[in-house]
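The values are calculated or read from the model by the stated rules, or taken from the named source; none is laboratory data. Everything numeric here is computed off the predicted structure, so don't read it as measured data. Note that each Cβ is placed from the backbone with ideal geometry, even for glycine, and that neighbours are counted across all protein chains shown. With ligands, DNA and RNA removed, areas are computed over all heavy atoms of the protein, side chains included. Shrake-Rupley method; radii C 1.70, N 1.55, O 1.52, S 1.80 Å.
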Amino acid sequence: MVTRILVTGATGYVGGRLAPRLAARGHEVRCLTRSPERLADVPWASRVEVVRGDVDDPSTLPAALDGVAVAYYLVHSLGVAGFEERERRGAENFAAAAARAGVRRIVYLGGPAPDGAQSRPAPDGARSGPAPDGARSRPAPDRVRSGSAHLRSREAVARTLLASGVPTLVLRAAVILGSGSASFEMLRYLTERLPVMVAPRWVRNRVQPIAIRDVLHYLVAAADLPDTVEGDFAVGGPDVLTFAGMMRRYAKVAGLSRRVIVPVRPLTPRLSAYWVGLVTPVPGRLARPLVQSLVHEAVVGDRGIAAHIPDPPGGLTGFETAVRLALARIAEGDVETRWSTAAAPSDPLPTDPGWTGGTVYTDERGTAVAASPDRLWAVVESIGGNSGWYSFPLAWAVRGWFDQLVGGAGLRRGRRHPTRLYAGEALDFWRVEAIDRGRLLRLRAEMRLPGRAWLEMRVAERDGEVRYEQRAVFLPRGLPGHLYWWAVAPFHTAVFGGMVANIARTAERGRTVSRSAPRR
C-alpha cells in the first residue's frame, strides 16, 4: 500500500538511510529539513519531496504534515548546548502538529530505557530469547531518573510522543553497528589504536548492539503496521556483550592482536568522554552523552516487537557479521551516511554588502591551470581525508591536534566518500556549506575558533584560460579573534599559497594525491 510519509532528520545518520528505502518501497516520501540544499545532491533526491521546516518552529509543521499518514521522528540535538530542553520542546511541537493534522502513526527511534528499566541481562556472549507474543516495554511513570542527559532526553521525547493522542511506535536501540555510526566509530578507533588500555568500569556493562540494517528493517516495516499496534518496544541484535567483549571481537574480525583491557575505578564518565574525544573522531561534546549512556546496561528484556514485525530474512545480524559488513563499506569508500552528516544550524557566509561596518579578514589567491575544468574540479572535490590539503601537512596536523585538545573534531572525521561531496556533510574539521559542482566548493570551519571562517575554492574559465581561485574568509569575534588572525597570518603563504600551487600542479598531472593514513 502506498503511504504518504514524512521523515524528519533526513540529513542525519539513520534518516538519510531510511528515506530512500521507504521511497524504494513505493511510498510517497516527504523530508523535513532546515536546509533543503543539503539534500539536493543525494542520489535519491529525485525520489522524494523536500520541504523546509524545523520542529523548533511550529509554524512550519502544518504544511509539512499535510496529508501525511506516517511520520518518522528522528530529530536529535545531541552535542548541542541545552539539548535536553531543545529536544523536549521540539517533540511537543511535533506531537501537537501531528495530532492536528490527523497523522495516523508516529514512529520514533529512541535509546534504551534508563536506570535499570531493562530486565535482567543474559551472560556476556549469550543470545537473547524471545518473549511471549505481544510483550511490550512501556515507559514506567518514574523512569526518567537517569544520570545520563542523553537517555533522559530520549525518554522525555518518547513520553511526549506516546502521550500525543496519535498512535505511536517507539523503538529503543542501544549501540547501532554500521559504517559511519558514532557508536561504531568509537568502538573501532578505541580498538585499533589502543592494543593495551586502562578503561573505565563501564566497559564491563552489558549491551545488546544492533546492526543498522536491522534497525532499518524495523523502521521500514513500521510504516505498514495496523493502527492498533502502538507502544514501546526494545530492539537489539542476537548477541549480548560487554563493551570490552565487543572490542575483543572487533579485534578478531579486523585481524588485530588480542586487546588487553584493564577496567579501573577512577575513570569517571566525564574523564572517559575526554579520553574518547582524544582517541576517536567523535568529539568530546558528542562523546560525553554517549559514554554516559553506556554507564547503564542496555539489554532487550523482551522481544514483543517480533509479534508485529518478523525478523529480517535470514535472521538478525550477529555482531561479527555487522562488523565485517561495516568494515567492507569503509574499505570500499562506500559509506552511505555518517554520524557527522548531522549538523547544528549555522549562519552561512554573509554576502559582501552585509560585511560593511565590521572587520573581515580575507586571503585571496589564484592561478592559471593547464588542465581542463573537469580535471581541476576533480582535484578540488577530492580534497581532505586521505587526499590531504595539498600543502604543509605538518601545519594542518598541528591545527587538528590543537582542535582535538580543546574538544573539537580535529582532522579525524575524514570524508564519507573519496571523490564525491554533498552539501552539509563533514569534511575533516570543515563542513560543506555549498557546492556548485564543477564551479564552487565552499567550506565552513567547525574547528574551535574565536570567530567564523570559510574556505572557498572555485574553478573558472576566463578568456579561454582555466583558473583556480581560492578565498579564505574570517569574521573575528572580539579581540581574541583579531589576535588569532594575526598570529596565523605568517603561515598563510605556506598554507594557502601552497594549496593553490599544489592543486594546480596535481590537476595538470592528471591525478589526485593520496597520502598514507590510518584506516578510517
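With viscosity set to 1.306 mPa s at 10 °C, what whole-number translational diffusion coefficient in µm²/s follows for segment 210-253 from Stokes-Einstein and a Kirkwood radius over Cα pairs? Intermediate values should be presented prior to the final figure.
Details: Rh = 12.8 Å.
Reported coefficient: 124 µm²/s.
Mind ordering 93-99, 161-167, 487-493 by average Cβ neighbours within 10 Å, highest first? The partial results should precede the final answer.
Values: 93-99: 21.3, 161-167: 18.3, 487-493: 12.1.
Ranked from most to least packed, the peptides come out as 93-99, 161-167, 487-493.
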Exercise. Is the shape of segment 9-107 rounded, prolate or oblate, going by the alpha carbon gyration tensor and its root eigenvalues a ≥ b ≥ c, with a/c under 1.5 for rounded and a/b larger than b/c for prolate?
Worked result: oblate
For this session: Give the Rg (one decimal place) followed by the Dmax (whole number) of segment 378-432, computed from C-alpha coordinates and expressed in Å.
Result: 11.1, 33
Exercise. Per residue and in Å³, how big is the convex hull formed by the alpha-carbon atoms of segment 428-502?
Worked result: 108
Problem set entry | Nitroxide proxy distance, nm - points 7 Å out along Cα→Cβ at residue 494 and residue 477 | 2.8
For this session: Just read off the accessible area of residue 417 with the full protein assembly in place, 1.4 Å probe, to the nearest 10 Å².
Result: 50
Seminar exercise, completed: Here the alpha-carbon Rg of segment 361-407 over 2.2 N^0.38 Å rounds to 1.50
Seminar exercise, completed: Whole-Å distance linking the alpha carbon centroid of segment 178-202 with that of segment 386-450 is 22
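By average Cβ neighbour count within 10 Å, what is the ranking of 430-439, 374-383 from highest down?
The most tightly packed comes first, giving 374-383, 430-439.
When the gyration tensor of segment 362-520 is built from Cα positions, what are the square roots of 5 times its three eigenvalues, in whole Å, from largest to smallest? Could the numbers behind the result be given before it?
Numbers: eigenvalues 122, 67, 41 Å².
Whole-Å semi-axes of the equivalent ellipsoid: 25, 18, 14.
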Exercise. Per the Debye formula with a single identical scatterer at each Cα and no solvent contribution, what log10 I(q)/I(0) holds for segment 164-246 at q = 0.17, 0.20 Å⁻¹?
Worked result: -0.77, -0.95
